[in-house]
Amino acid sequence: MSFLKKLFGGGGGDTASPSTPAETHNGYTIFAEPVKDGGTWRIGARIEKEINGELKSHFMMRADTLQSFDDACKASLDKARMLVDQQGDSIFS
């Protein structure tokens, strides 16, 4: 039954991630947003850029998990920078 509670948002504790400051990289704003996954943190980041007056946003999540929130934030920023460098604006397509 706990699976259904988690699926539909009931019965869980506080799952909100602590907030982290944004970083700017090559004209993109990157927010490290690791996702709590049991006792670990899954790599995740939001990447934003204003293009032609419209704010575009992309959420990147990876399968990698780390034990500490701080380590997951650092890895999330590293992966997001690499994604921006490799794909540029095409991540918003």
- Query: From the residues in the stretch 49-60 that are closer than 28 Å to Asp37 by Cα and loosely packed, with under 15 Cβ neighbours inside 10 Å, which one is farthest from the chain's Cα centre (by Cα)?
  - Reply: Ser57
- Filter the stretch 33-49 for residues that are out of contact with any Asp or Glu (no Cβ under 8 Å at 6 or more places or on another chain) and of a type outside the set (Val, Ile, Thr); which is farthest from Pro18 (Cα to Cα)? Glu48
- Among the residues of the stretch 50-93, which ones are closer than 19 Å to Pro21 by Cα and among the acidic types (Asp, Glu)? Glu50, Asp70, Asp71, Asp78
- Those residues that are surrounded by 13 or more Cβ atoms within 10 Å (Cβ to Cβ), over 14 Å from Gly27 (Cβ atoms) and either acidic (Asp, Glu) or without any contact (Cβ under 8 Å) to a residue 24 or more places away in the chain (or both), I need them from the stretch 75-91; list them, please. Asp78
- Run down Thr20, Thr40 and say which single residue is surrounded by 11 or more Cβ atoms within 10 Å (Cβ to Cβ) and at pLDDT below 95. Thr20
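The values are calculated or read from the model by the stated rules, or taken from the named source; none is laboratory data. Remember, it's a predicted structure, so these values are computed and weren't measured experimentally. Here the Cβ is made from the backbone with ideal geometry for all residues, glycine too, and neighbour counts use every protein chain on show.
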